[in-house]
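Peer 1: This is the structure, below, for whatever I ask next.
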Amino acid sequence: MSFDSIFNEQVDALKAEGRYRIFAELERKRGQFPLAARHHDGRISDVTVWCSNDYLGMGQHPAVIAAMHEAIDRCGAGAGGTRNISGTTHYHVVLERELADLHQKESALLFTSGYVSNWASLSTIASRLPGCVVLSDALNHASMIEGIRHSKARKVIFEHNDPEDLDRKLAALPTDAPKLVAFESVYSMDGDIAPIKEICDVADKHGAMTYLDEVHAVGLYGPRGGGIAEREGLMDRLTVIEGTLGKAYGVMGGYIAASAAVCDFIRSFSSGFIFTTALPPALAAGAIASIRHLKSSDFERRAKHAQVGKVRAKLDAIGIPYLKNPSHIVPVMVRDPVKCKAISDWLMSVHGIYVQPINYPTVPRGTERLRITPSPVHSDADIDRMIAALSEIWSQCALARAVA
Ligand SMILES: *Cc1c(COP(=O)(O)O)cnc(C)c1O
């Protein structure tokens, strides 16, 4: 029996629907990013990247690069083990202190990615608290959903960003059951922002813990880059704040910040923390440099928000529809998976502009989009070229324009 034919059949179904994923093979050019070299059909061409989550260009910041070089020169390449078995370096300990300070918590705990931090933390808390019920926002990220599922705890989904629905759902649960409310601050695909204070008020009223994913906000919001909860003075209202070092901080890794008791508990019981090799010291060193820089520098944040504003204003001027939101994410709505991919292919091949099409299951069917993430490393000329190309393809595809 050929298993490959079964595998191929399922992949063919994706292709027929127009949502088969093709990766762009890039080499980012340090010092010139968002410029990258693209390898395609044995040729190399220049592209401008418009869909990176390296939101502030910190992946090429001189302080970050220097810290990583220095750590490699001092310690070599890998950590050499799990945190438990010889993998805890001085860099990991300093980074955890830096993160605890960022979120004004007693403690922090590092993981190899944001995905792993959500999966490991939620699954450990919810599985080891007897009778725990998890209240999960309807649009939570896959890593949170998988963590909750793995815990086998009871899950109740509340309507997206809706504290009143959360209140009703919490009220319907047994008063003595331990409860955990899991949600995000900036939602990555629509760029909308949770009413954190109202959600914490409702959670407090029912004696529930709160778990906030700030992956798309850390580094970007708040006077020291602590995220939306820092900006709104709410960090002390959250039981757990989770974040990534791979997006605005430009490196890699994930973490939680919480009380010493919570961090020690997850450190002690979570399989996703215990049984995997620690991050290389150089990654930890790069993350420390990036976090420290963004704690004291507001320059990158302000420059980013300025470029986001320019992109929006220019889209408005030519009537190209995008989701209005209070964040840095600009979702240009195509609302058709085949057109979305065709536009993305055309932008790449004709103009050297790279915007990945976002299709189902990342977003609901009928809401396919080009998710544009302007950054301080995009120049005004980059913006003008991208807008001109979008305007051209919008006309060619006879896509609807918004009336101003
Ligand atoms: C990207 C993402 C993660 C995972 O973070 P990584 O560091 O990339 O693994 C978690 N939550 C949300 C909302 C994300 O978008």
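Peer 1: Out of all the residues in the stretch 316-332, which are under 17 Å from Gln396 (Cβ atoms) and touching a Phe, Trp or Tyr at 6+ places or on another chain (Cβ under 9 Å)?
Peer 2: Ile318, Gly319, Ile320, Val332
Peer 1: Of the residues Ser297, Ser259, only one is surrounded by fewer than 22 Cβ atoms within 10 Å (Cβ to Cβ), modelled with pLDDT of 95 or more, more than 27 Å from Ile199 (Cβ to Cβ) and more than 16 Å from the ligand (Cβ to nearest atom); which?
Peer 2: Result: Ser297 is the single residue among Ser297, Ser259 that is surrounded by fewer than 22 Cβ atoms within 10 Å (Cβ to Cβ), modelled with pLDDT of 95 or more, more than 27 Å from Ile199 (Cβ to Cβ) and more than 16 Å from the ligand (Cβ to nearest atom).
Peer 1: Which of the residues that make up the stretch 36-64 are of a type in the set (A, V, I, L, M) and crowded, with 17+ Cβ neighbours inside 10 Å?
Peer 2: Ala36, Val47, Val49, Leu56, Met58, Val64
Peer 1: Right, next: Kindly check whether there is at least one residue in the stretch 61-75 that is within 26 Å of Tyr221 (Cβ to Cβ) and either touching a Phe, Trp or Tyr at 6+ places or on another chain (Cβ under 7 Å) or without any contact (Cβ under 8 Å) to a residue 60 or more places away in the chain (or both).
Peer 2: yes
Peer 1: Given the criteria out of contact with any Leu (no Cβ under 8 Å at 6 or more places or on another chain) and either in contact (Cβ under 8 Å) with a residue 60 or more places away in the chain or outside any helix (DSSP H, G or I) (or both), does Val332 qualify?
Peer 2: Considered against the rule, which asks whether it is out of contact with any Leu (no Cβ under 8 Å at 6 or more places or on another chain) and either in contact (Cβ under 8 Å) with a residue 60 or more places away in the chain or outside any helix (DSSP H, G or I) (or both), Val332 comes out as no.
Peer 1: Same structure again: Looking at the stretch 270-278, is at least one residue within 16 Å of the ligand (Cβ to nearest atom), part of a loop (DSSP other than H, G, I, E, B), β-branched (Val, Ile, Thr) and more than 24 Å from Tyr187 (Cα to Cα)?
Peer 2: Yes, some residue in the stretch 270-278 is within 16 Å of the ligand (Cβ to nearest atom), part of a loop (DSSP other than H, G, I, E, B), β-branched (Val, Ile, Thr) and more than 24 Å from Tyr187 (Cα to Cα).
Peer 1: If you don't mind, there's one more thing I want to ask. Return the pairs, sorted by first residue and then second, in which the second residue is among the hydrophobic types (A, V, I, L, M, F, W, C) and surrounded by fewer than 18 Cβ atoms within 10 Å (Cβ to Cβ), the first residue lies in the stretch 348-359 and is on the phi < 0 side of the Ramachandran plot and part of a loop (DSSP other than H, G, I, E, B), the beta carbons are less than 9 Å apart, and the residues are 6+ apart or on different chains.
Peer 2: So the pair list comes out as Val355/Cys51; Gln356/Ala24; Gln356/Cys51.
Peer 1: Filter the strands (runs of 3 or more DSSP E) completely within the stretch 111-192 down to those with at least 2 residues that are within 16 Å of the ligand (Cβ to nearest atom) and at pLDDT 95 or above.
Peer 2: 133-137, 179-184
Peer 1: Here is a follow-up. For the stretch 200-251, give me each residue that is part of a helix (DSSP H, G or I), in contact with a Ser or Thr (Cβ under 8 Å, 6 or more places away or on another chain), of a type outside the set (Gly, Ala, Ser) and away from the ligand (no atom under 16 Å from the Cβ).
Peer 2: Cys200, Arg237, listed by residue number.
Peer 1: If you go through the stretch 239-298, how many residues are out of contact with any Gly (no Cβ under 8 Å at 6 or more places or on another chain), closer than 22 Å to Glu70 by Cα and of a type in the set (A, V, I, L, M, F, W, C)?
Peer 2: Qualifying residue count for the region: 4.
Peer 1: I would also like to ask the following. So which pairs qualify, if the first residue must be in the stretch 198-226 and touching a residue at least 60 places away in the same chain (Cβ under 8 Å), the second must be aromatic (Phe, Trp, Tyr) and within 12 Å of the ligand (Cβ to nearest atom), the Cβ gap must be under 8 Å, and the two must be at least 6 apart or on different chains?
Peer 2: Tyr211/Phe183; Asp213/Phe183; His216/Tyr187; Val218/Tyr249; Gly219/Tyr55; Gly219/Tyr249; Leu220/Tyr55
Peer 1: Could you count how many residues in the stretch 242-278 are among the aliphatic types (A, V, I, L, M) and in contact with a helix residue (DSSP H, G or I) (Cβ under 7 Å, 6 or more places away or on another chain)?
Peer 2: Count: 9.
Peer 1: Here's a follow-up. Against the definition (more than 30 Å from Met68 (Cβ to Cβ) and either hydroxyl-bearing (Ser, Thr, Tyr) or touching a His at 6+ places or on another chain (Cβ under 6 Å) (or both)), how does Ser127 come out, yes or no?
Peer 2: So Ser127 passes the test.
Peer 1: Quick one: which strands (runs of 3 or more DSSP E) sit completely within the stretch 1-85 and have at least 2 residues that are among the β-branched types (Val, Ile, Thr)?
Peer 2: Hits in the stretch 1-85: 43-49.
Peer 1: Hey, any hits in the stretch 90-108 for a residue that's touching a Pro at 6+ places or on another chain (Cβ under 9 Å), surrounded by 17 or more Cβ atoms within 10 Å (Cβ to Cβ) and in contact (Cβ under 8 Å) with a residue 12 or more places away in the chain?
Peer 2: Yes, the stretch 90-108 contains a residue that is touching a Pro at 6+ places or on another chain (Cβ under 9 Å), surrounded by 17 or more Cβ atoms within 10 Å (Cβ to Cβ) and in contact (Cβ under 8 Å) with a residue 12 or more places away in the chain.
Peer 1: Continuing with the same structure: Within the stretch 189-196, can one find any residue that is more than 25 Å from Met333 (Cβ to Cβ) and crowded, with 16+ Cβ neighbours inside 10 Å?
Peer 2: Yes, the stretch 189-196 contains at least one residue that is more than 25 Å from Met333 (Cβ to Cβ) and crowded, with 16+ Cβ neighbours inside 10 Å.
Peer 1: Can you confirm whether Ser290 is surrounded by fewer than 23 Cβ atoms within 10 Å (Cβ to Cβ) and hydroxyl-bearing (Ser, Thr, Tyr)?
Peer 2: The answer is no for Ser290.
The values are calculated or read from the model by the stated rules, or taken from the named source; none is laboratory data. No experiment lies behind these values; they were computed from the predicted model shown. Cβ atoms come from the backbone with ideal geometry, glycine included; neighbour counts cover every protein chain shown.
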